[in-house]
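Okay, structure first, notes after.
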Amino acid sequence: MFFNVELDKPEFWNGERWTSKSSCEIHKGTTLERPNDLTEEDEGYMYYDTTLHKPIFWNGNYWTDANGLVAAIKYGNVLERPTNLSYPNDVGYTFFDTVDNVLLYWSQDAYGHDVWKDGSGNDYSIIEFTSILNLTATDFNNG
């Protein structure tokens, strides 16, 4: 570890590069307060989730518990997703879609609409809707 005076914070060596996120310390907070800027390079980052009452770990793609299970608030198919969420109160609410095998979180798009997003920040609602209806870019261009 060293203190980066340009960034005014400590940095840690993760085996490949210097990062401001330490996998040596366990951060604590609610599910909604989980860091949402982690990447594959942050694999091993630990967080004690006070909503779930257990430690969870970033595996490079999504949060898991010590057994390797996805650390989501709820599991289910698309029809079992909560529909009463609102922005900003429920930002970060996580749901693991067992049909598509994807971890989603509740957020807001650039137009101010409440949406489900995947781990890459893509609007999953649009992807899912076009997939269900079997639409293509040509369908959108033709109105």
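Explain nothing, just the number: relative contact order of the range 24-71, from Cα pairs under 8 Å at least 6 residues apart, as a whole percent. Please report the intermediate quantities before stating the final value.
On the way: 82 pairs, mean separation 14.8, N = 48.
The normalised contact order for the range 24-71 reaches 31 percent.
For residue 98 and residue 41, FRET efficiency with R0 = 41 Å and r from the beta-carbon atoms, rounded to 0.05? Walk me through the numbers before you get to the answer.
On the way: r = 28 Å, r/R0 = 0.68.
The value I calculate is 0.90.
List residues of the range 32-74, by number, whose backbone nitrogen lies under 13 Å from a label position 7 Å along Cα→C-beta of residue 9.
35-38
For the pairs 9/117; 54/74; 9/54, flag any whose C-alpha to C-alpha distance is greater than 22 Å.
Working: 9/117 30 Å; 54/74 15 Å; 9/54 28 Å.
Among 9/117; 54/74; 9/54, the Cα-Cα distance tops 22 Å for 9/117; 9/54.
In terms of the Cα gyration tensor, with a ≥ b ≥ c the square roots of its eigenvalues, is the range 50-104 rounded because a/c is under 1.5, prolate because a/b exceeds b/c, or oblate?
On the way: a/c = 2.02, a/b = 1.29, b/c = 1.57.
It is oblate, given that a/c is not under 1.5 and a/b is not larger than b/c.
Calculate the FRET efficiency for residue 17 and residue 48 from the Cβ-Cβ distance with a Förster distance of 25 Å, rounded to the nearest 0.05.
Values: r = 25 Å, r/R0 = 1.00.
Computed FRET efficiency for residue 17 and residue 48 comes out at 0.50.
Just so you know, all these numbers are worked out from the coordinates, no wet-lab data involved. Just so it is clear, the model here is predicted, and its values are computed rather than measured. Cβ: placed from backbone, ideal geometry, glycine included. Neighbour counts: every protein chain shown.
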